[in-house]
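The structure under discussion appears below in the form of structure tokens.
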Amino acid sequence: TALITGDNERTAQAIAAELGIDTVVAEVLPDGKVAALRNLAQNGEEIAFVGDGINDAPALAAADVGIAIGTGTDVAIESADVVLMSGDITGVCNAFEISQRTMRNIQQNLFWAFAYNTALIPVAAGVLYLFGGPLLSPMLAAGAMALSSVFVLSNALRLRWVAPAQQAMPDVRPTPYQEVTP
């Protein structure tokens, strides 16, 4: 994890120390953020960049995965690959979790659909009949294919019940009418 910001070095280092971030690039303009991303990507790793401002738009577009906070500027939202509709940063962890589960679900669906079709299309075509087995009626074959689709859709619908990996952080900012005690 790296912190790339246009803010001053001292502020960036203080925030990074509090969050446990060891790589800090501060006081950079938008093109400096893109250069910092390229520098970080020299190891061949994929880079995800999270931003919300107009100064983040070039870096969001240059990153392998640009993640915009939905409460940010329209330019940042248009430049990003993923837009988190809430202003909560924990949505980044949740987006990674749901994307990993989605890819795993797609792989499962492809495997089962391929295995099901590989096994049952020859049966529907009458291969068993050649060896003295039953001849499958076309209605049963169509029902079996529909059952395959139901299985794949049911497996995909399991993603609806994925709980967030991270819960939203409580808003600790004082309201305009709330007294703040030191």
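Observations
- Taking the C-alpha atoms only, the angle from helix 91-125 to the longest principal axis of the chain is near 10 degrees.
- The Rg/Rh ratio of the chain, with Rg taken over Cα atoms and Rh as the Kirkwood radius over Cα pairs, comes to 1.23.
- Length gained when the stretch VAL82-THR102 is fully extended (0.36 nm per residue, less Cα-Cα span): 5.7 nm
- Sequence-distant contacts, meaning Cα pairs under 8 Å at least 6 residues apart, place the relative contact order of the stretch 1-160 at 12 percent.
- Distance (nanometres) between label positions extended 7 Å along Cα→Cβ at THR71 and ILE21: 1.7 nm
- Computed accessible area, VAL83, all protein chains, 1.4 angstrom probe, square angstrom: 50 Å²
- Tilt relative to the chain, helix 30-40 - C-alpha long axis, 0 to 90 degrees, to 10: 60 degrees
- Rounded accessible area of ASP7 (nearest 10 Å², 1.4 Å probe): 90 Å²
- Projecting the alpha carbon convex hull of the stretch 1-75 along each direction and taking the average yields 4.8 nm².
- The stretch between LEU135 and ALA2, if pulled fully straight at 0.36 nm per residue, gains 41.5 nm over its current Cα-Cα span.
- For a label point 7 Å along the Cα-to-beta-carbon line of ASN117, residues of the stretch 126-159 with backbone N under 11 Å: 149
- Separation in nanometres of the label points that stand 7 Å from Cα toward Cβ, at SER148 and GLU46: 2.9 nm
The values are calculated or read from the model by the stated rules, or taken from the named source; none is laboratory data. Please read all numbers here as calculations on a predicted model, not as lab measurements. Because the Cβ atoms are built from the backbone with ideal geometry, glycine has one as well, and the counts that use them run over all protein chains shown. Heads up: the accessible areas ignore ligands, DNA and RNA and are worked out on the full protein's heavy atoms, side chains in. Shrake-Rupley method; radii C 1.70, N 1.55, O 1.52, S 1.80 Å.
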